[in-house]
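Structure first, then comments.
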């Protein structure tokens with residue numbers, strides 16, 4: 001959460017653009033820090049922050065089994081509909 005707080009401040013002070021790859025962070029932010037989530041959502045809508053579609057969490061690809069990747073895909077598929085209905089644009 002602290003990283004996204006810093007991102008929100010940088011976006012307001014500079015012309016930097018950012019990419020969020022783990023939408024889990026946004027979901028947790030909405031629950032824990034609704035004010036920060038509102039700020040981040042505004043920057044997403046304005047195009048200052050983009051969401052990379054495809055991953056809910058980044059899988060640990062260093063594990064020898066494929067189970068982690070399968071669980072990641074299943075989790076992402078289950079949450080995809082809810083993410084798309086959030087009103088934020090995914091790229």
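A short reminder: the numbers here are calculations on the coordinates, not readings from a lab. The model shown is predicted, which means the values in this text are computed figures rather than measured ones. Positions of Cβ are generated from backbone atoms using ideal geometry, with glycine treated the same way; all protein chains shown enter the neighbour counts.
Work out how much length residue 13 to residue 78 would gain on full extension: take 0.36 nm times their residue separation and subtract the Cα-Cα distance, in nm to one decimal. All intermediate terms of the calculation are to be shown ahead of the outcome.
On the way: separation 65, 0.36 × 65 = 23.40 nm, distance 3.65 nm.
Extra length available between residue 13 and residue 78 comes to 19.8 nm.
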What ranking do 29, 77 get, fewest neighbouring Cβ atoms within 10 angstrom at the top?
-> 77, 29
